[in-house]
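Everything on this sheet refers to the single structure shown next.
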Amino acid sequence: MTFQLLDSLSLPGDSAKANEDAFGLGEGAAVVIDGATPLGDGLMPGPSDAAWIAQFGARRLMAHLRDGDGARKALRATLADAQKSFEALRRHPPEEIWQTPCASMMLAVPDSKSTEFLWFGDCAALVKQGDAAVIVVGETFDKRAAEAGRAQALAKEKKLSPAAGLSRPEFIGTLRAVRNRINSGDRWLFSPDVKAAAHVSRRVLKLAPGSTLLLASDGFLALASDYGAYNADSLMTAALSKGLAALGAELRTIEADDGGGDKFPRFKKSDDATALLLQKT
């Protein structure tokens, strides 16, 4: 069984900066990876450590899957590749965990009877079969509500607009402390650490041919999870009827109208937004 690409979209949050989302698509798999915005100077060559981990991860995952690896074996091999590359190319070892590139991920791999989903962080998949309600794979909606609460509380404490930016000195210490807790307990992310493979979340769904899937980063899913313009069902309907470009334009209009994040608390005016609309064939 394979995926047919119906539509795709990947918008940078800021046209002057690197898009730190990436996606990969092959006949037998699809993935969206959302690099976590760096909280200081990068360690890797190139414009952004987050863009590096997202692009490297998408490329290597697709390569291992084309070689015939199963989803979990491909993930482990990709993380091992990332660890080797990071250790070879970084300017110096990270002094704190927040300096290590990391990302959210949603990977979907179909076979004749089912589709396996593996994910880290707040990328998600929406799945539609026939007239049934959309199934949400991942924890984006819960995670985004918590993130909005943190942005609102921290902005109130520092007397700033929530969307003032991740790099503001008033925010950076708190954000680095949170990032320092990744890859421990239940906070694992896609990163150059092969041990993360043992902590990936997994779900298997029996999907009939003709089922539609929307794999997306949290920046795109904000239309539903943050801004309330849609719910999971209506977002899937709109993706199929309007197309992803129209939804991307709608997303940016909502964010431009609330540039300070006072109505919709968030740490950035706009995030990178990536989505793949697929049909199982």
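The values are calculated or read from the model by the stated rules, or taken from the named source; none is laboratory data. In this text the structure is predicted, and so the values were computed from the model without any measurement. All Cβ positions, even for glycine, are placed from backbone atoms using ideal geometry, and neighbour counts span all protein chains on display. Protein only, heavy atoms only, side chains kept; ligands, DNA and RNA dropped before computing areas. Shrake-Rupley method; radii C 1.70, N 1.55, O 1.52, S 1.80 Å.
What to note about this one:
- Listed pairs LYS113/LYS195; LYS143/LYS195; LYS143/LYS268; LYS128/LYS280; LYS17/LYS263; LYS206/LYS280 exceeding 18 Å between Cα atoms: LYS113/LYS195; LYS143/LYS195; LYS17/LYS263
- The largest accessible area among GLU95, GLU87, GLU139 belongs to the first residue in GLU95, GLU87, GLU139, and the rest follow in falling order (1.4 Å probe, all chains).
- Over all orientations, the chain has a Cα convex hull whose mean projected area works out to 13.7 square nanometres.
- Tensor-based shape of the range 11-69 (alpha-carbon gyration tensor, a/c under 1.5 rounded, otherwise prolate or oblate): prolate
- In this simple spin-label model, placing a label point 7 Å from the Cα along the Cα-to-Cβ direction at both ILE97 and THR253 gives a separation of 4.2 nm.
- The chain: relative contact order as a whole-number percent, Cα under 8 Å and 6+ apart: 28 percent
- Computed with a 1.4 Å probe over protein heavy atoms only, the accessible area of ILE135 comes to about 50 Å².
- If you run the Gaussian network model on the chain, springs between alpha carbon atoms under 10 Å, then out of THR237, THR212, THR78 the most flexible one is THR237.
- The range 187-281, relative contact order [Cα under 8 Å, separation at least 6], %: 43 percent
- Part-to-part distance (alpha-carbon centres) for the range 22-82 and the range 127-144, which is given in Å: 23 Å
- Taking every DSSP helix (H) stretch of at least 4 residues in the chain, weighting each as -39,500 (n - 2.57) and dividing the sum by the residue count yields a mean residue ellipticity at 222 nm of -11500 deg cm²/dmol.
- Label separation (GLN4 vs ASP131): 2.3 nm, computed from points 7 Å beyond Cα along the C-beta direction.
- Top of LEU221, LEU126, LEU107 by mean-square fluctuation, Gaussian network on the chain, Cα under 10 Å: LEU126
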